[in-house]
Amino acid sequence: MNCRVGNALLPTIILRYKWWAEKRCPPYRAEQLINAYIDAEHTKAANEQRRQAAEAKKAQNTGKHKAVEPVTPKPKRTVTINPAEIMTLSGNAFIETEQQVDDYLNQLREQLLAVVKSGDKVRLK
């Protein structure tokens, strides 16, 4: 059974839409937009936390006590790491020795830990 919309088959329309969507907003651009949104949310949360702290301090000075609401956990940005780039940066196109394996894994581990310690999540490319 073929689904038709106008004169076109539905799979054709879906393929055209996917092509159009990828051209208009490629995946890396979508990730940039999501990260920008998350950064904005982090800023809002930090501003709200400062506002609540200022209100609590003000209430403490006036003798009125108001409970400070806990701040919800903030979303994490996505950072893409391409493990193949580590090889190109080191100048070696191939791994031939155990020492090169260790060096590669140490460099990759350092990059991954740096991203995770900064509070972001990692996507390997």
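Below is a table of values for the structure above.
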read-out: Selected residue [within 21 Å of Gln32 (Cβ to Cβ), in a helix (DSSP H, G or I), at pLDDT 90 or above and not β-branched (Val, Ile, Thr)] from Gln111, Gln99; value: Gln111
read-out: Filter result for Glu48 (in a helix (DSSP H, G or I) and at pLDDT 85 or above); value: yes
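The values are calculated or read from the model by the stated rules, or taken from the named source; none is laboratory data. Remember, it's a predicted structure, so these values are computed and weren't measured experimentally. Quick reminder, even Gly has a Cβ in these numbers, built from the backbone with ideal geometry, and neighbours come from all protein chains shown.
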